[in-house]
Each structure stands twice: as structure tokens, then as C-alpha cells.
Amino acid sequence: MTCIVAIKDKSALWMGADSAAVNGWYEKTIISEEKIFIGQTAQGQTSFLIGVAGYPRTLQLLRYKLNIPDIPANEKDLTRYMVLHFVESMRTCFREAGHARKKDNEEEFDSEVIIGICGRIFTVNCNYQLIESKKPYDAIGCGTDYALGVLYTTEKDTPRKRIKKALEAAAYFNAGVSEPFVIKKLEYV
């Protein structure tokens with residue numbers, strides 16, 4: 001089920017995640033594989049944070065199989081790069097691994113992905129739709145509403161403290177979110 005939280009500040013992107021995996025509402029496992037990771041584009045020119053809410057297979061494909069092209073030197077529009085290169089690389093990766101499926105003639109996958117790159121936070125929904133919030137934070141997973149409420153009310157706290165509080169609230173109110181929590185930081189300045 002999951003709760004993943006991302007925050008951007010002046011010089012870094014932060015991401016935190018819980019460790020729960022549930023099978024319906026009758027089985028919960030605390031998993032050893034972290035739901036967030038720091039990756040790099042193909043030539044290592046750009047680093048990014050990725051978090052996945054949903055099936056572990058989505059996370060594993062993104063961590064071990066995804067090959068993302070570097071940002072072209074002449075590309076000034078990060079959203080354009082994300083749509084044409086990053087998300088298309090995800091689609092190709094999922095399709096080749098048999099992880100994408102067609103529903104009503106639309107290709108989709110069974111998870112949500114949150115990406116921190118170049119000081120910005122994007123989410124990719126199950127239909128590959130790319131979204132960037134105007135807020136300097138975002139969240140995905142079943143604990144999203146609780147996490148966003150905490151992030152809204154803790155703007156004066158440090159990013160690490162805000163993430164911890166957001167994940168604690170999500171775990172307290174939602175059975176699909178559990179400790180231990182993992183927090184990662186990616187500097188971009």
C-alpha cells in the first residue's frame with residue numbers, strides 16, 4: 001500500500017518511505033527492500049530519486065532495468081524531457097518486461113511513481129500521466145492524505161523532521177503504512 005513523501009528545499013530533494021507490503025487487508029509484511037532509491041541517467045550526468053507505491057515488481061524494474069537517457073544539452077524544458085524521455089523509458093521498460101497492460105485501449109501499470117530530479121518533484125500515475133504540483137512537496141500511496149496534511153502544517157520544520165512526522169501520521173491512521181521509515185537526500189545545487 002505505502003506512503004512515500006517528497007520535499008524540495010533550497011539545495012536538496014528529500015524522499016521518505018515506509019516499509020509495509022500488504023496483501024488485501026489480511027496480510028502485512030515488513031519488506032527489506034527500500035521503496036525509494038537514488039539512480040542516475042545512462043551516462044551518469046543527472047541523479048534522481050525514485051519512489052514507488054504499489055507492486056514491488058514496478059520498483060524492481062525501475063531500480064534494476066530502467067535505462068534513462070541523459071538530458072540533452074540543448075533541452076531547456078525539464079517537463080518536456082520527462083514526458084519524451086524519462087516516462088517513455090519507463091513505458092518501454094515495463095512493456096519489455098511484461099509489466100504494462102492494456103485496459104480500454106489505454107496502456108497502464110499497477111503503481112504510482114514519484115520522481116525527484118533537478119530540484120523538482122514529479123509523479124507518474126498508472127496511465128503514465130506526468131504531474132508536477134506547485135507545492136514544494138508531494139506524496140503518493142494510501143497514506144497520501146495524512147502525509148500531505150502534516151506537510152502543510154509543518155513548513156517551518158526541517159525536511160527530515162517533516163517527512164518523519166508525515167510518515168508517522170500515515171502509519172497511525174492507515175493500516176497499509178508501517179515503520180521502519182527510510183529517508184534519502186539528493187543535493188542538486
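The values are calculated or read from the model by the stated rules, or taken from the named source; none is laboratory data. These numbers come from a predicted model, not from an experiment. FYI the Cβ positions are ideal-geometry reconstructions off the backbone, even for glycines, and counts take in every protein chain you see.
In this structure, does ASP145 turn out to be at pLDDT below 95 and either surrounded by fewer than 19 Cβ atoms within 10 Å (Cβ to Cβ) or closer than 14 Å to ILE50 by Cα (or both)? Spell out how you get there, then give the answer.
Values: at pLDDT below 95: no; either surrounded by fewer than 19 Cβ atoms within 10 Å (Cβ to Cβ) or closer than 14 Å to ILE50 by Cα (or both): yes.
Taking the combined requirement at face value, the residue does not satisfy it.
The lone criterion from (1) farther than 16 Å from PHE37 by Cβ; (2) touching a residue at least 40 places away in the same chain (Cβ under 8 Å) left unmet by GLY98 is number (2).
For the residues GLY54, GLY24, the requirement of being of a type outside the set (Phe, Trp, Tyr), surrounded by fewer than 18 Cβ atoms within 10 Å (Cβ to Cβ) and at positive phi singles out GLY24. Number of residues in the range 127-142 that are free of Cβ contacts under 8 Å to residues at least 40 places away in the same chain and either part of a loop (DSSP other than H, G, I, E, B) or surrounded by 14 or more Cβ atoms within 10 Å (Cβ to Cβ) (or both) equals 5.
For the range 20-49, the candidate set comprises residues that are β-branched (Val, Ile, Thr) and at pLDDT below 95; within that set, the residue that is farthest from ILE121 (Cα to Cα) is THR29.
Can you tell me which residue in the range 153-188 is surrounded by the fewest Cβ atoms within 10 Å (Cβ to Cβ), limited to those that are part of a helix (DSSP H, G or I), among the basic types (Lys, Arg) and touching a residue at least 24 places away in the same chain (Cβ under 8 Å)? Looking at the filtered set, the residue picked out is ARG160.
ASP157 meets all of the listed conditions (1) over 20 Å from PHE86 (Cα atoms); (2) touching a Phe, Trp or Tyr at 6+ places or on another chain (Cβ under 8 Å); (3) among the acidic types (Asp, Glu) but one, namely (2). Does VAL150 meet the test of being of a type outside the set (Lys, Arg), touching a helix residue (DSSP H, G or I) at 6+ places or on another chain (Cβ under 9 Å) and in a loop (DSSP other than H, G, I, E, B)? It is false that VAL150 is of a type outside the set (Lys, Arg), touching a helix residue (DSSP H, G or I) at 6+ places or on another chain (Cβ under 9 Å) and in a loop (DSSP other than H, G, I, E, B). Residues in the range 112-125 that are in contact (Cβ under 8 Å) with a residue 60 or more places away in the chain, more than 16 Å from ASP77 (Cα to Cα) and surrounded by fewer than 23 Cβ atoms within 10 Å (Cβ to Cβ): GLU112 only. Of all the numbered requirements in (1) touching a Ser or Thr at 6+ places or on another chain (Cβ under 7 Å); (2) at pLDDT 95 or above; (3) not aliphatic (A, V, I, L, M), ARG63 misses one, and that requirement is (1).
The set of residues in the range 67-90 being at pLDDT 95 or above, of a type outside the set (Val, Ile, Thr) and within 19 Å of ILE36 (Cα to Cα) consists of MET82, PHE86, SER89, MET90.
Consider the range 27-47 and keep the residues that are in contact (Cβ under 8 Å) with a residue 60 or more places away in the chain and in contact with a helix residue (DSSP H, G or I) (Cβ under 8 Å, 6 or more places away or on another chain). The one that is surrounded by the most Cβ atoms within 10 Å (Cβ to Cβ) is LYS35.
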